[in-house]
Amino acid sequence: MPREVAIVGCGMAQFGNRTDKSLMDLLKEASTKAMEHTGLGETNVSALYVSTMLAGELTNQTAIASALADELCLVPAAADRIENGPASGGSAVKNAYLAIAAGLFDIVLVVGGEKMRQVPGDRITDLLATMTHPTAEYIHGVTLPSLAAMFTRLYMNKYGVERKHLSMIAVKNHENGLKNPYAHIHRKITLEGIYSSPEAEVNNPVIADPLRLFDMCPISDGAAAVVLCSADIAKRFADKPITVAGVGQATDIHAVSQRPDPTTLNAVKISSQQAFKMAKLEPKNMDVVELHDAFTILEIAESEDAGFFEKGTAHKAVEAGVTSLGGKLPINPSGGLKARGHPVGATGIAQVAELTWQLRGEAGERQVKDAKKAFCCNFGGFGNNVVSFVLKRED
């Protein structure tokens, strides 16, 4: 039987426009905070997994895992870089889980980060677009925002989602982000300001119709880290270790137009089902959720395909306040990618860190009351590769 695995520490370097620090500096900061939060002391870290999608392209540094091991004085720990697009962080946590569960390592540091603000936005858009299908999509000028816009239009036509529902998600996640000291965006917005007033057209311009400025996450610098270990030693490092109860991963057809139903995120469905089955839990058992809202429509679609709402009903739950911080099922209390930010290599780890803080009761103003079970999914490409986790606090 595989060993049980626990999360015993988290750390984060604030997301945003971090002109003050290099990528290595950000990775070191998040890693150091995670190890200090864990209270490792002189205990050796067995391995280091570093998730980054664009380190070579944007910072001209490769083999970053071995360099970071030296910077953190972790030599001779094993070290690997993990790259899986925007799902790099989730894949790194998954690989750490597998290595510990298999008995290969006892204590693993997982850290992810990106420096994305130092180049023009069109360059970042193009680099991210290289994840699309090379002949069916990329060669025709398809970008992630354009895919999301077409997906949104299909969702609106099929399920009755309206612009106001997308704006409600943006308002909710900005409100949550105000309570997160690590968030990229600390800016309050209102439904009137971005949707219902005459000024909304100016405040919230069209980027890729029907998506507007506030329907999209920012381009961010930042880093996040977690420390995992075998559950049998977890109490040495944390009074409240959090169990990795379920893990799932799935892929989908590369070209979105070739999927049987482009409005169904099949990799979200399958990876979520795997994680819930492994955890022997169901979506209805979750107390708090972090979803990959790179675009506001994705919070709606992922919440349905992960099993929290019937297909075509999540926008009504948003309107009813179900997914707000004080609602029945808080989604993205961190602010999500929308407000926390999206340094792509860090995002999956930031989700796991947020849920760990929530389950340990350490989330401050955004704390979900008495949270014991949590779910997150880290979304790569346009749903091409998705990694899902179920975490729980042992009573």
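A compact table of results
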read-out	value
Hits in segment 345-381 - residues which are free of Cβ contacts under 8 Å to residues at least 24 places away in the same chain and closer than 17 Å to residue 13 by Cα	362
Test: residue in segment 250-263 that is surrounded by 15 or more Cβ atoms within 10 Å (Cβ to Cβ), assigned to a strand (DSSP E or B) and either polar (S, T, N, Q) or free of Cβ contacts under 8 Å to residues at least 24 places away in the same chain (or both)	yes
Segment 241-279, residues that are of a type in the set (Val, Ile, Thr), in contact with a Lys or Arg (Cβ under 7 Å, 6 or more places away or on another chain) and within 19 Å of residue 290 (Cα to Cα)	242, 243, 247
Listing of helices (runs of 4 or more DSSP H) fully contained in segment 297-395 that carry 1 or more residues being surrounded by fewer than 24 Cβ atoms within 10 Å (Cβ to Cβ)	314-319, 344-360
Inter-residue pairs, beta-carbon under 7 Å, first within 14 Å of residue 256 (Cα to Cα) and free of Cβ contacts under 8 Å to residues at least 12 places away in the same chain and in segment 123-151, second surrounded by fewer than 18 Cβ atoms within 10 Å (Cβ to Cβ) and among the aliphatic types (A, V, I, L, M), 6+ apart	138/129
Selected residue [under 20 Å from residue 360 (Cβ atoms), crowded, with 24+ Cβ neighbours inside 10 Å and under 19 Å from the mean Cα position of the chain (by Cα)] from 12, 53	12
Residue 220 out of contact with any Gly (no Cβ under 8 Å at 6 or more places or on another chain), at pLDDT 95 or above and among the polar types (S, T, N, Q)	no
Long-range neighbours under 7 Å by Cβ, at least six apart or interchain, first residue closer than 11 Å to residue 163 by Cβ within segment 205-221, second polar (S, T, N, Q)	210/152; 211/152; 212/204; 214/167; 214/204; 215/296
Some residue of segment 223-242 being within 23 Å of residue 346 (Cα to Cα), among the β-branched types (Val, Ile, Thr), within 21 Å of the chain's Cα centre (by Cα) and surrounded by fewer than 24 Cβ atoms within 10 Å (Cβ to Cβ)	no
Single unsatisfied condition, residue 281 versus (1) in a loop (DSSP other than H, G, I, E, B); (2) in contact (Cβ under 8 Å) with a residue 40 or more places away in the chain; (3) surrounded by fewer than 20 Cβ atoms within 10 Å (Cβ to Cβ); (4) in contact with an Asp or Glu (Cβ under 9 Å, 6 or more places away or on another chain)	(4)
Residue within segment 76-97 that is in contact with a Lys or Arg (Cβ under 8 Å, 6 or more places away or on another chain), surrounded by fewer than 22 Cβ atoms within 10 Å (Cβ to Cβ) and not basic (Lys, Arg) present	no
Failed criterion for residue 207 (all others in (1) more than 28 Å from residue 373 (Cβ to Cβ); (2) assigned to a strand (DSSP E or B); (3) touching a Lys or Arg at 6+ places or on another chain (Cβ under 7 Å); (4) among the aliphatic types (A, V, I, L, M) hold)	(3)
Condition check for residue 231: at pLDDT below 95 and among the aliphatic types (A, V, I, L, M)	no
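Let's see how each residue does on (1) over 19 Å from the mean Cα position of the chain (by Cα); (2) under 22 Å from residue 383 (Cα atoms):
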position: 38; (1), (2): yes, no
position: 57; (1), (2): yes, no
position: 69; (1), (2): yes, no
position: 74; (1), (2): yes, no
position: 83; (1), (2): no, yes
position: 95; (1), (2): no, yes
position: 104; (1), (2): yes, no
position: 126; (1), (2): yes, yes
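Listed here are the residues, each with its yes/no results for (1) part of a loop (DSSP other than H, G, I, E, B); (2) surrounded by 14 or more Cβ atoms within 10 Å (Cβ to Cβ).
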| residue | (1), (2) |
| --- | --- |
| 167 | no, yes |
| 180 | yes, yes |
| 201 | no, no |
| 214 | no, yes |
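For every residue, the table says whether it meets (1) among the charged types (D, E, K, R); (2) farther than 22 Å from residue 78 by Cβ; (3) at pLDDT below 95.
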residue	(1), (2), (3)
5	no, no, no
13	no, yes, no
17	no, yes, no
21	yes, yes, no
25	yes, yes, no
38	no, no, yes
44	no, no, yes
48	no, no, no
55	no, no, no
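The values are calculated or read from the model by the stated rules, or taken from the named source; none is laboratory data. From a predicted model like this one, the values you see are computed outputs, not experimental measurements. Heads up, the Cβs are rebuilt from the backbone with ideal geometry, glycines too, and the neighbour counts pull from every protein chain shown.
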